[in-house]
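What follows is a single structure, written as structure tokens, with notes after it.
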Amino acid sequence: MEELHYRVIRAEVESQLKEIERLFREVESRKKRAKRSKAFLESLGYQLHNLYSAFEDLFKIIAGYFENRVTDSTKYHKELLKKMTIAVPGVRPALLSEELYRHLDELRAFRHYFRHAYLHELRYDKIKGVIEASEKVRSLYRRDINSFLRKLKESIR
């Protein structure tokens, strides 16, 4: 990888991280009130949905620079997430640790549920685990992404 390509990828990643951080703040602002208000619970569900979507957009940025194409469109979201745990020797390091992958996969599953749950009422006790997963993601994601960028930079030396 050339220095120029690294700089472009880093800039795009950093831009997406700002959006992810904004969404974490939106989730945080709704958590306490979601226990008492259906409207805030639904708003929290929407923000959790958006949070995973923002991570998936990050994965698309990374995949777009490398040859990581998802081949099975029926499993696109799960396959894209899994590919981010794989280091491609001579191409790119892994973006995600297995630990972060597990928590993001919980958010991915919730996003799928949320998109298709128009016949079900959202309940706080049902999304409490998703809230906890989002908190774990928040505590881990910068570490993994910084490691990815550091390893990528080292590969151009």
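The values are calculated or read from the model by the stated rules, or taken from the named source; none is laboratory data. Since we're looking at a predicted model, the values are computed, not measured. We place every Cβ from the backbone using ideal geometry, glycine too, and count neighbours over all the protein chains shown. The protein model used for the area step is the full one, side chains on, heavy atoms only, and it has no ligands, DNA or RNA in it. Shrake-Rupley method; radii C 1.70, N 1.55, O 1.52, S 1.80 Å.
Considering only helices (runs of 4 or more DSSP H) fully contained in the range 1-113, which possess at least 1 residues that are modelled with pLDDT of 95 or more and among the hydroxyl-bearing types (Ser, Thr, Tyr)? If you could, list the steps in order and put the result at the bottom.
Working: elements: 3-34, 38-65, 76-83.
By residue number, 3-34, 38-65.
Can you confirm whether the range 63-84 contains a residue that is within 13 Å of the chain's Cα centre (by Cα), hydroxyl-bearing (Ser, Thr, Tyr) and more than 23 Å from Arg25 (Cβ to Cβ)?
No; the residues of the range 63-84 include none that is within 13 Å of the chain's Cα centre (by Cα), hydroxyl-bearing (Ser, Thr, Tyr) and more than 23 Å from Arg25 (Cβ to Cβ).
Quick one: count up the residues across the range 140-157 that are within 14 Å of Ile9 (Cα to Cα) and not in a helix (DSSP H, G or I).
Final tally of qualifying residues: 2.
Any residue in the range 66-73 that is hydrophobic (A, V, I, L, M, F, W, C), in contact (Cβ under 8 Å) with a residue 40 or more places away in the chain and either surrounded by fewer than 17 Cβ atoms within 10 Å (Cβ to Cβ) or within 21 Å of Ser139 (Cα to Cα) (or both)? Write out each step before concluding.
Taking the range 66-73 first, the residues hydrophobic (A, V, I, L, M, F, W, C) are 66, 70.
Now drop any that are not in contact (Cβ under 8 Å) with a residue 40 or more places away in the chain, which leaves none.
No, the conditions are met nowhere in the range 66-73.
Go through the range 1-58 residue by residue and tally those that are open to solvent by 70 Å² or more (accessible area, probe 1.4 Å) and aromatic (Phe, Trp, Tyr).
1
Evaluate the following for Lys82: is it closer than 21 Å to Leu48 by Cβ and surrounded by fewer than 18 Cβ atoms within 10 Å (Cβ to Cβ)?
Details: closer than 21 Å to Leu48 by Cβ: yes; surrounded by fewer than 18 Cβ atoms within 10 Å (Cβ to Cβ): yes.
Against the criterion (closer than 21 Å to Leu48 by Cβ and surrounded by fewer than 18 Cβ atoms within 10 Å (Cβ to Cβ)), Lys82 qualifies.
Considering only the range 122-139, how many residues are open to solvent by 70 Å² or more (accessible area, probe 1.4 Å) and assigned to a loop (DSSP other than H, G, I, E, B)?
Taking the range 122-139 as the starting set, the residues that turn out to be open to solvent by 70 Å² or more (accessible area, probe 1.4 Å) are 123, 125-126, 128, 132, 135-136, 138-139.
Restricting the remaining residues to those that are assigned to a loop (DSSP other than H, G, I, E, B) gives 123.
Summing the residues that are open to solvent by 70 Å² or more (accessible area, probe 1.4 Å) and assigned to a loop (DSSP other than H, G, I, E, B) in the range 122-139 gives 1.
For Arg115, all conditions in the list (1) open to solvent by 30 Å² or more (accessible area, probe 1.4 Å); (2) touching a residue at least 40 places away in the same chain (Cβ under 8 Å); (3) more than 30 Å from Ser37 (Cβ to Cβ) hold save one; what is the number of the exception?
Evaluating Arg115 over (1) open to solvent by 30 Å² or more (accessible area, probe 1.4 Å); (2) touching a residue at least 40 places away in the same chain (Cβ under 8 Å); (3) more than 30 Å from Ser37 (Cβ to Cβ) leaves (3) as the failure.
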